[in-house]
1. Rounded if a/c is under 1.5, else prolate if a/b is larger than b/c, else oblate: which is the chain, with a ≥ b ≥ c the root eigenvalues of its Cα gyration tensor?
2. With all distinct Cα pairs included, what does the Kirkwood hydrodynamic radius of segment 1-127 come out to in Å, to one decimal, could you say?
3. Sticking with the crude label model, points 7 Å out along Cα→Cβ, report the distance from residue 53 to residue 218 in nm, one decimal please.
4. Rounded to the nearest percent, how much of the accessible area of the chain (1.4 Å probe, protein heavy atoms only) is carbon and sulfur?
5. Per residue and in Å³, how big is the convex hull formed by the alpha-carbon atoms of segment 79-132?
6. Between residue 134 and residue 206, what is the label-point separation in nm under the 7 Å Cα-to-beta-carbon projection?
7. Report, in deg cm²/dmol and to the nearest 500, the calculated mean residue ellipticity at 222 nm for the chain, where each DSSP H run with n ≥ 4 adds -39500 (n - 2.57) and the sum is divided by the residue count.
8. Which values of log₁₀ I(q)/I(0), to two decimal places, follow from the Debye formula for segment 211-275 at q = 0.16, 0.19 Å⁻¹ with a uniform point scatterer at every Cα?
Amino acid sequence: MIKIICDSMSDVPKEIIEKYGVEIIPLTVIFNGVEYMDGIDITHSQFYKMLRESESMPKTSQITYAQFKEVFEKYKDEEVLYISGSSRASGTYQSAVLAKNDGYDNVYIFDTYNLSMVSGLFVIKACEMREKGYSIEEILNHLNSLKGTEDVIVSVDTLEYLKKGGRISSTKAMLGNLLNVKPILHVEDGLVAQKSQVRGKKQMYSTLVKGIGEKFDNNLEDRTVIIGFGDNKEDFEIVKNKFMEEYKVKDLYCVNIGCAICSHIGPGVLAISCM
């Protein structure tokens, strides 16, 4: 049996983790000088609360060579597929490569060149293929063929956290918040980038729902979709209901977006991804 591993840059639905035994290696989150192992020393809800109450923004630290060595050693008698968050966003991928090259020929590494729920979609596909008996080479070939067919649309409820993280100026954040501007983000060349912007939550909800449908010619019946959110459960319910009114999908999952992503854009995040 192939062991499937990913890192906490990937937001994988809880039911997938439990059903297929996916192991998640945590990044380190550094908040007010204290280090936390993502998802182990701090829960998502605790992290969102800290973000809301703090004036500073946390930082994330890549998974180390030593962490990978420990995990690879544990599965040295199995075939291992490690599905990595974007190599452009973190040095985690390179740490894994260094560890693999230190005597673990049983380990195969796939760079999703993406983040969060989209990396999670690659994990889901790999798990499904493993259960159907595909070899690790066949899974890797198919994952590579899927690159470029995936999409994610993201928005946040306030520009405050982008300002705190130094991604936009204080003036732009203040003006944007006054005008109720909601940035629309996506992943481009392995990094989060702004795609457009809208005004008000109604436009934000509509842009997220309609935008993902348009990418796939409004035909999602044979596709897997993940809807992600932070501590904004009410916004999530609105988007989920709007999405379900618009489309039929093969599989629909929902996830709380983790520390690795919210460390940069805040806890009031909404996103829809599809492959």
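1. Values: a/c = 2.07, a/b = 1.31, b/c = 1.58.
Because a/c hits 1.5 or more and a/b fails to exceed b/c, the chain counts as oblate.
2. Values: mean 1/r = 0.0664 Å⁻¹.
Across segment 1-127, the inverse of the average 1/r is 15.1 Å.
3. Here the modelled spin labels are 4.7 nm apart.
4. Details: 5950 of 12660 Å².
The C+S portion of the solvent-accessible surface of the chain is 47 percent.
5. Numbers: hull volume 3.1 nm³, N = 54.
That works out to 57 Å³ per residue.
6. Label at residue 206, label at residue 134, 3.8 nm between them.
7. Numbers: 11 runs with 113 residues, N = 275.
Calculated mean residue ellipticity at 222 nm is -12000 deg cm²/dmol.
8. Listed by q, the Debye log ratios stand at -0.53, -0.71.
The values are calculated or read from the model by the stated rules, or taken from the named source; none is laboratory data. Please read these numbers as outputs of a predicted model, since none were measured by experiment. Glycine also receives a Cβ, built like all others from the backbone with ideal geometry; neighbour counts cover every protein chain displayed. Surface areas here come from the heavy atoms of the whole protein model, side chains and all, with no ligands, DNA or RNA. Shrake-Rupley method; radii C 1.70, N 1.55, O 1.52, S 1.80 Å.
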